[in-house]
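Each remark here refers to the structure printed beneath this line.
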Amino acid sequence: MQLKTDLYIDGAWVKGDGTLPVTDPSTGNVIAEVQTAGDAQCDAAVAAAHKAFTSWSKTAPRVRSEILRKAYELMISEADHLAKIVSMENGKVFSDAKGEITYAAEFFRWFAEEAVRTPGDYRHAPSGDKRILVTHQPIGVSLLITPWNFPAAMATRKIGPAIAAGCTMILKPASETPLTALYIVEIMERAGLPKGVLNYVLPEKSGSGIAHILKDPRVKNLSFTGSTEVGRILLQAATENIVRTSMEL
């Protein structure tokens with residue numbers, strides 16, 4: 001089985017500063033060696049996402065919707081292949097892994113429909129001579145951090161709404177399960193997602209690497225699923241630039 005192992009930055013698969021072994025928890029055997037990112041690659045990912053945001057945030061909702069729909073169709077058609085990857089690196093039996101892929105793909109289908117909806121609010125001001133219009137706008141570059149236990153579903157659950165809203169992203173998966181994330185990134189590339197909208201990094205040192213990304217003022221949003229202990233640390237790191245955070249702990 002051929003697996004992607006490089007970083008994905010600005011629409012290109014690139015090498016990092018080092019490698020990390022990915023093991024099959026059921027056997028202890030090394031499945032692959034994936035590239036890890038140093039500060040330079042993390043900075044490049046932020047720069048790519050920031051640059052892409054200017055045009056991506058103005059992309060027609062229907063265009064974003066069609067990309068998500070295509071990604072959904074690709075995930076469903078390649079569910080067996082992706083389930084094998086999840087099973088190998090996560091340790092789930094194939095039937096459980098296949099169920100996760102089906103569940104994960106549904107996030108893309110759901111947000112493909114949500115992308116074309118444009119909610120807002122309109123009302124008269126208290127003065128009576130003015131009108132108030134409330135609109136929703138994409139926040140900007142988002143750092144998405146996913147856990148090892150549902151490597152596919154937690155990735156699509158974060159990527160889907162970000163794409164629908166017009167945000168650009170940096171995806172950082174758990175070091176135990178990067179291969180699933182890499183395959184989903186490849187699916188998004190084949191679905192037609194423009195370069196820079198979705199970037200993938202796996203920092204050499206997870207804690208300091210994430211902190212380095214959060215210190216960049218161009219990063220506006222953090223979505224994290226993981227432990228309460230790590231969540232506290234990330235909240236502290238996010239306070240410096242008042243990064244909006246959403247956490248499932």
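Any read-out appearing in this document is the output of simple, stated calculations on the displayed coordinates, not a laboratory observation. Just so you know, these numbers come straight off a predicted model, no measurement behind them. We place every Cβ from the backbone using ideal geometry, glycine too, and count neighbours over all the protein chains shown.
Structural remarks
- Residues being surrounded by fewer than 23 Cβ atoms within 10 Å (Cβ to Cβ) and under 22 Å from PRO194 (Cβ atoms) - total across the range 70-96: 4
- Scanning the range 29-50 for residues that are in contact with a Gly (Cβ under 7 Å, 6 or more places away or on another chain) and in a strand (DSSP E or B) yields GLN35, THR36, ALA37.
- Residue within the range 5-28 that is surrounded by 22 or more Cβ atoms within 10 Å (Cβ to Cβ), assigned to a helix (DSSP H, G or I) and either touching a residue at least 40 places away in the same chain (Cβ under 8 Å) or not basic (Lys, Arg) (or both) present: no
- Test: residue in the range 132-154 that is among the β-branched types (Val, Ile, Thr), assigned to a loop (DSSP other than H, G, I, E, B) and more than 18 Å from ALA83 (Cβ to Cβ): yes
- The lone exception for THR59 - which of (1) outside any helix (DSSP H, G or I); (2) touching a Ser or Thr at 6+ places or on another chain (Cβ under 6 Å) it fails: (2)
- Looking only at residues of the range 80-116 that are in contact (Cβ under 8 Å) with a residue 40 or more places away in the chain and part of a loop (DSSP other than H, G, I, E, B), we find that the one that is farthest from LYS58 (Cα to Cα) is GLY91.
- Residues satisfying the stated conditions in the range 208-249, i.e. closer than 23 Å to THR19 by Cα and out of contact with any Leu (no Cβ under 9 Å at 6 or more places or on another chain): SER208, HIS212
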